[in-house]
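Notes follow once the structure below has been shown.
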Amino acid sequence: MKLVRIKNLREDRDLTQSEMARLLNISQRAFSHYENGNRNIPIEMLIKIADIYNVSLDYLVGRSDKQEQI
């Protein structure tokens with residue numbers, strides 16, 4: 001599943017894939033696979049991404065249009 005919001009949030013914050021990968025302690029290639037939907041993102045990684053962007057998991061995966069974390 002391609003999670004468009006992961007890329008949009010990264011670009012909105014002027015971060016590169018390499019910078020996000022460093023924050024997540026993964027390779028840039030792995031992050032690229034997540035961002036492009038070539039590899040499923042483990043829930044632990046989704047939680048880290050949501051925390052970095054300060055958004056809810058529901059927003060991150062497209063289940064809500066509200067960015068706020070509860």
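Here is how the numbers come out for the structure above:
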read-out: Whole-number percent relative contact order across the chain, with pairs defined as alpha carbons under 8 Å at least 6 apart; value: 31
read-out: Per-residue [θ]222 nm for the chain (sum of -39500 (n - 2.57) over DSSP H runs n ≥ 4, rounded to 500); value: -15500 deg cm²/dmol
read-out: Relative pair counts by distance (%), Cα atoms of the chain, 5 Å bins; value: 3, 18, 32, 30, 14, 3, 0
read-out: Hypothetical label at Ile43: residues of segment 54-69 whose amide nitrogen lies under 14 Å (7 Å Cα-Cβ projection); value: 57-58
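The numbers here are math on the coordinates, done by the rules we state, and not lab data. Quantities reported herein were computed from a predicted structural model and do not represent experimental measurements. Cβ sites come from the backbone with ideal geometry, for glycine too, and all protein chains shown count toward neighbours.
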